[in-house]
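Working notes, structure below.
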Amino acid sequence: MLRQTGTTLGTEIRAGHEPELRPRLGPTPQGRPRFPVRPLGSFLLLAAGFACVSLAPSALAQHGQHPTGDPLLDPGSLGREPGTRVGGSSAGSPLGGGSTPTTPLAPPGNGAPPDGAGGTGGSGAGSGGPIVPGGGAGIPGTQPPLGPVVAATASFDLLGDEAQPWELWWDLNRHRYVDARADARAATTTGSADFFLGTGESLDAPVATRSLPTDLLPTLLLAASDSDPRLAAEGLLALGELSERFAGDPDAHISIRAVLASRATDPSLFVADAAVQALAIGAGDGDLSLLAALLLDEPVGREFQGGGEVSPIRRGYAALGLGRLGATTAREDVRRLAAHYLIRGYESAPRNRQDLAATCLVAMAQIPLERTGLRDPGGIPEPPNYSRLALLRYLVGLVENRRRLDDTVLAHLPSAVAIAASGLSRDERDELSSGLAAPLLDVLERPRREPDTFVRHAALAAGALGDWDDDRVDDELRDALIELFDAADAHTRACAMLGLGSMLGNPGSTAPGEGFGKASEALLEVVTRGSAADRPSAAIALGVAGAALRDHGELVPSRWVITIRAALVQAKSAQERVALCLAAGLLGDTGAESAIVGAYERVAEKRDRSRIAVALGLLGSREAIKRLRDDLDGDLADRIATRRTAEASALCGDVNVAARLTAMLQASSSRVANISLLDAMAEVGDDDLLPLLIEQVGDENVDSGQRSRAVRAIARIADGEDLPWIAPYTALVTVPGAAAALFVGDGTGALERLP
């Protein structure tokens, strides 16, 4: 329970209770918890994907033992002489000391990945290289041109001319708070697997069991085999995303695997890239060797794609697949080998493609190695892929010894540290807090010495690592973030505010105290007296913090509610109105409903109106349903605005929205309007829409672009999960600056498939 902190917090109220003369914080729409900002979002539980070559026990046995007695990998397999110190934090920290290794990683055992995936004998970047740019030979020859992996543009405008920093963050993370498809769920508890992976996403969570239409798989297979590149790419990606739904059907498994293998050699880079990404999304234990060979550009990987060097973008998708596989597998040997190959991929990334190295870092951080504590017998540091603390030591060591690292790698390092640390218990994080925070504080307290993208990610990581209590480390992190409110770069200021909001919502070992009040006051000051450019970011930060407090059953300071509501009434610009409406929705302030409706009616631009509609949806506003219906009946040219408005209608409780969308699609002859309606159906997520969508995909008289959007809608509705597979990266990765496999800017990166 939050305690009073002088006049800073004001009277506090618990969600769902209405003290005298205080605004009521309404219940979460549909009874579902809103997801707080957290380093690890959600992984789909895809355990059965597409066996390539089985991981034979004999292949694992050859990897020897560490002196600790742990199986699988010998210390020498990491390319170090005995006694070489790997990674490390400040001397005396629980993570130990040391420096970053600069030697390439050797393969386990006899030098060949299990089951013939190739060893260090393959040519290209996978054969070794420096850990930092500036050493080693470049890759001979010319990389093949990169083709887009996503058939259509992104579902949101991340790099629009008018996009503000807070909008970029919100568009990447809105799915954590807004999902019209979600059923009611019990509140998530801190420290559980669900808290870090997402509600219902822990490794022992049951997979959705609702049956799928019998003609769904044949329809997707036909789409994936189509001659139109856009339709084929969407079909392939849908097969990857839905592979778990077909895991119990051996015939389906064989059919999916066959079409993936066939399209991976397609002359269209557009299609072949999609096949590799689909493999990565749906990979199972048996795909470990193939993913490793693709990542390291080794012979088996080249053969899978029909010859030639594996392009950096495909290697990046393989890295994401290894991280995903390591996070979802039930086998510790697979987890360790996945981490091992990702470390090799990081250390061997070519100098001119350090975005690949960055992708390897954030991917390896996802892997929840079974053992937490370090075992360094005789002073020999154990390999990074042996325990969670060994991996953290490796990552922290890179931050501390960063001077020769590429800017893209630097930008992703703080995210990787925060993601890896999120798998620890609260007590473990508290014990390690000094060692984890020290390198971040070094960046945050001297921001002018570092690249802006590095500082931004460090601010978000600090928010993920810190919490609301008053220990020394949290106080230092809060102070450093507040100091960044005066940074010259607007994006850095926004990240500092969002990081601080994350800290305010992260439970500590004690109740919030003076530090919580100080941070709260700093954000409120920006909302009331800050610049027009900064006020929206501060408002969203308070909204995110309030949503997290509500999820944890804690009190929301009434001063937040009153300040946001007052600022909304006084707001002059559309940007401010939109952000303040969303903040009020996240806080659950039903008392602000009339002000939000007023803002909805005053704002003319459709995308701004649709964001305000989402705020009404967060409140479950029944009174807004008619207004939203009228907007849906209007111009459908802007598919993003149409999608948001339909989603808001469903959140408000409009039970007829799916039927209305169906009738509108059947009556429409406009391709543009039809694509908007299909995207809206994907967000509404009603299972009853699947037969219509399947019919759309199978109708060859329908435009291929429209059919491809229908495929994407099928994947969105049928996957059975709240959060998309790429969600773990969104809270801690900003744009621009993300690695190419995550974000390209033209709809081709994995983040750009977010709903």
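The values are calculated or read from the model by the stated rules, or taken from the named source; none is laboratory data. Note that the structure is a prediction, hence the values are computed from the model and not measured. Note that we place each Cβ from the backbone using ideal geometry, even for glycine, and neighbour counts take in every protein chain shown.
Can you work out which of the residues in the stretch 366-400 that are of a type outside the set (Asp, Glu) and in contact with a His (Cβ under 9 Å, 6 or more places away or on another chain) is surrounded by the fewest Cβ atoms within 10 Å (Cβ to Cβ)?
Per the criteria, the residue is PRO377.
For the stretch 406-428, the tally of residues that are in contact with a Leu (Cβ under 8 Å, 6 or more places away or on another chain) and part of a helix (DSSP H, G or I) stands at 11.
So that you can scan it fast, the table gives a plain yes or no per residue for (1) more than 26 Å from the chain's Cα centre (by Cα); (2) at pLDDT below 95:
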site: LEU619; (1), (2): no, no
site: ASP633; (1), (2): yes, yes
site: ILE640; (1), (2): no, yes
site: VAL655; (1), (2): yes, yes
site: LEU661; (1), (2): yes, no
site: SER669; (1), (2): yes, yes
site: ASP687; (1), (2): no, yes
site: PRO691; (1), (2): yes, no
site: GLU700; (1), (2): yes, yes
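Inspection of the stretch 634-647 identifies at least one residue that is among the polar types (S, T, N, Q), out of contact with any strand residue (DSSP E or B) (no Cβ under 9 Å at 6 or more places or on another chain) and under 29 Å from GLY705 (Cβ atoms).
Does at least one position in the stretch 554-566 carry a residue that is part of a helix (DSSP H, G or I), farther than 18 Å from LEU500 by Cα and among the hydrophobic types (A, V, I, L, M, F, W, C)? Explain how you work it out, then say what you get.
Of the residues in the stretch 554-566, the ones part of a helix (DSSP H, G or I) are 558-566.
Filter once more, keeping what is farther than 18 Å from LEU500 by Cα: 558, 562, 565-566.
Checking which are among the hydrophobic types (A, V, I, L, M, F, W, C) leaves us with 562, 566.
Yes, the stretch 554-566 contains a residue that is part of a helix (DSSP H, G or I), farther than 18 Å from LEU500 by Cα and among the hydrophobic types (A, V, I, L, M, F, W, C).
Every listed requirement among (1) over 19 Å from LEU322 (Cα atoms); (2) buried (at least 24 other Cβ atoms within 10 Å of the Cβ); (3) hydrophobic (A, V, I, L, M, F, W, C); (4) touching a Phe, Trp or Tyr at 6+ places or on another chain (Cβ under 6 Å) is met by ALA252 save one, (2).
Candidates in the stretch 574-619 are the residues that are touching a Lys or Arg at 6+ places or on another chain (Cβ under 9 Å) and part of a loop (DSSP other than H, G, I, E, B); of these, the one that is farthest from ALA163 (Cα to Cα) is GLY588.
Inclusion of GLU576 among residues that are modelled with pLDDT of 95 or more, surrounded by fewer than 24 Cβ atoms within 10 Å (Cβ to Cβ) and touching a Ser or Thr at 6+ places or on another chain (Cβ under 6 Å) is not warranted. Exactly one residue out of ASP249, ASP333, ASP297 is of a type outside the set (S, T, N, Q) and in contact with a strand residue (DSSP E or B) (Cβ under 8 Å, 6 or more places away or on another chain): that is ASP333. Residues in the stretch 347-385 that are of a type in the set (A, V, I, L, M) and assigned to a helix (DSSP H, G or I): LEU356, ALA357, ALA358, LEU361, VAL362, ALA363, MET364, ALA365. Please verify whether the stretch 711-727 includes one or more residues that are more than 30 Å from ALA319 (Cβ to Cβ), in a helix (DSSP H, G or I) and at pLDDT 95 or above. Checked the stretch 711-727: no residue is more than 30 Å from ALA319 (Cβ to Cβ), in a helix (DSSP H, G or I) and at pLDDT 95 or above.
Is it true that LEU677 is part of a helix (DSSP H, G or I), modelled with pLDDT of 95 or more and surrounded by fewer than 22 Cβ atoms within 10 Å (Cβ to Cβ)? Outline the logic, then answer.
Working: part of a helix (DSSP H, G or I): yes; modelled with pLDDT of 95 or more: yes; surrounded by fewer than 22 Cβ atoms within 10 Å (Cβ to Cβ): no.
No, not satisfied.
Filtering the stretch 644-669 to residues that are touching a Ser or Thr at 6+ places or on another chain (Cβ under 7 Å) and part of a helix (DSSP H, G or I) leaves ARG644, THR645, VAL657.
When restricted to residues that are surrounded by fewer than 22 Cβ atoms within 10 Å (Cβ to Cβ) and either closer than 15 Å to ASP179 by Cβ or among the basic types (Lys, Arg) (or both), the stretch 633-657 contains 2.
Of all residues in the stretch 565-604, exactly one satisfies the criterion of being free of Cβ contacts under 8 Å to residues at least 60 places away in the same chain, in contact with a Pro (Cβ under 8 Å, 6 or more places away or on another chain) and over 24 Å from ASP179 (Cβ atoms), namely GLU576. Scanning the stretch 287-304 for residues that are closer than 19 Å to ARG263 by Cβ and either touching a Lys or Arg at 6+ places or on another chain (Cβ under 7 Å) or not aliphatic (A, V, I, L, M) (or both) yields ASP287, LEU294, GLY301, ARG302, GLU303, PHE304. Taking each residue of the stretch 689-712 that is hydroxyl-bearing (Ser, Thr, Tyr) and looking for partners that are in a helix (DSSP H, G or I) with beta-carbon atoms closer than 7 Å, six or more apart or interchain, yields SER704/ARG230; SER704/LEU231; SER708/ARG230; SER708/LEU231; SER708/GLU234.
Against the condition more than 16 Å from VAL578 (Cα to Cα), without any contact (Cβ under 8 Å) to a residue 12 or more places away in the chain and surrounded by fewer than 16 Cβ atoms within 10 Å (Cβ to Cβ), how does ASP630 come out, does it pass? For ASP630, the condition - more than 16 Å from VAL578 (Cα to Cα), without any contact (Cβ under 8 Å) to a residue 12 or more places away in the chain and surrounded by fewer than 16 Cβ atoms within 10 Å (Cβ to Cβ) - is met. A single entry from GLU721, GLU647, GLU683 fulfils the requirement of being farther than 25 Å from ASP226 by Cα, touching a residue at least 60 places away in the same chain (Cβ under 8 Å), acidic (Asp, Glu) and out of contact with any helix residue (DSSP H, G or I) (no Cβ under 8 Å at 6 or more places or on another chain): GLU721. Being surrounded by fewer than 24 Cβ atoms within 10 Å (Cβ to Cβ), on the phi < 0 side of the Ramachandran plot, at pLDDT below 90 and assigned to a helix (DSSP H, G or I) is not true of ARG403.
In summary, helices (runs of 4 or more DSSP H) completely within the stretch 243-346 and bearing 1 or more residues that are assigned by TED's automatic domain parsing to the domain that holds PRO229, in contact with a helix residue (DSSP H, G or I) (Cβ under 7 Å, 6 or more places away or on another chain) and without any contact (Cβ under 8 Å) to a residue 40 or more places away in the chain occur at 250-264, 269-282, 288-295.
Only one of these is modelled with pLDDT under 95 and within 23 Å of GLU700 (Cα to Cα): PHE270, PHE246. Name it.
Values: PHE246 fails: within 23 Å of GLU700 (Cα to Cα).
Checking each option against the conditions leaves just PHE270.
Here is a check on your reading of the model: is ALA488 farther than 23 Å from ALA327 by Cβ, more than 25 Å from the chain's Cα centre (by Cα) and among the aliphatic types (A, V, I, L, M)? When the stated conditions are applied, ALA488 passes them. Residue pairs whose Cβ atoms lie under 6 Å apart, sitting 6 or more positions apart in sequence or on different chains, and linking a residue in the stretch 529-541 that is among the charged types (D, E, K, R) to a partner that is in a helix (DSSP H, G or I), are ASP534/ARG493; ASP534/VAL526; ARG535/VAL527; ARG535/GLU576.
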